[in-house]
1. Anything in the range 1-43 that is farther than 19 Å from residue 67 by Cα and among the acidic types (Asp, Glu)? List them, or say none.
2. Scan the range 4-21 and report the pairs whose first residue is within 19 Å of residue 35 (Cβ to Cβ) and whose second residue is at pLDDT below 85 and surrounded by 11 or more Cβ atoms within 10 Å (Cβ to Cβ), with Cβ atoms within less than 6 Å and a gap of 6+ or a chain change.
3. Say whether the condition of being of a type in the set (Lys, Arg) and either at pLDDT 90 or above or open to solvent by less than 60 Å² (accessible area, probe 1.4 Å) (or both) is met by at least one residue in the range 41-60.
4. What number of residues within the range 49-81 are assigned to a helix (DSSP H, G or I) and under 11 Å from residue 22 (Cα atoms)?
5. May I ask you to verify whether residue 85 is modelled with pLDDT of 90 or more and either assigned to a helix (DSSP H, G or I) or not charged (D, E, K, R) (or both)?
Amino acid sequence: MRRAELGCYAQQRYGTAWLDMPNTIKAVTENPGLDTRFFTMVTDDVTPTSIVEEGHLSRVVREAIKQGVPPILAIQMVTIKCSPTA
């Protein structure tokens, strides 16, 4: 949360090996009214098998929704809320 408050992008990873998003997404789900402009979700590393069997960013969106993120916000967090250098 502090990174986002300072204007830095807080990337929450949900790849194949790094699965920290279910823990870090609590900053969003447990703080109603939080300005989420600097919260993004990324995959970092995803194996081809994971992509074929579960999808790529669609898999991240599904997991975020399961964790309590509103669907539109979950989609925004993997698309329009990406860092300006992306």
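1. Correct list: 5 only.
2. Hits for this filter: 9/83; 10/3; 10/4.
3. For the range 41-60, residues of a type in the set (Lys, Arg) and either at pLDDT 90 or above or open to solvent by less than 60 Å² (accessible area, probe 1.4 Å) (or both): present.
4. The qualifying residues number 5.
5. no
Residue-by-condition table, conditions (1) touching a Pro at 6+ places or on another chain (Cβ under 9 Å); (2) surrounded by 11 or more Cβ atoms within 10 Å (Cβ to Cβ); (3) of a type in the set (Ser, Thr, Tyr):
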position	(1), (2), (3)
7	no, no, no
30	no, no, no
36	no, yes, yes
65	yes, yes, no
70	no, yes, no
74	no, yes, no
80	no, no, no
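The values are calculated or read from the model by the stated rules, or taken from the named source; none is laboratory data. Note that the structure is a prediction, hence the values are computed from the model and not measured. FYI the Cβ positions are ideal-geometry reconstructions off the backbone, even for glycines, and counts take in every protein chain you see. Surface accessibility is based on the protein's heavy atoms, side chains included, excluding ligands, DNA and RNA. Shrake-Rupley method; radii C 1.70, N 1.55, O 1.52, S 1.80 Å.
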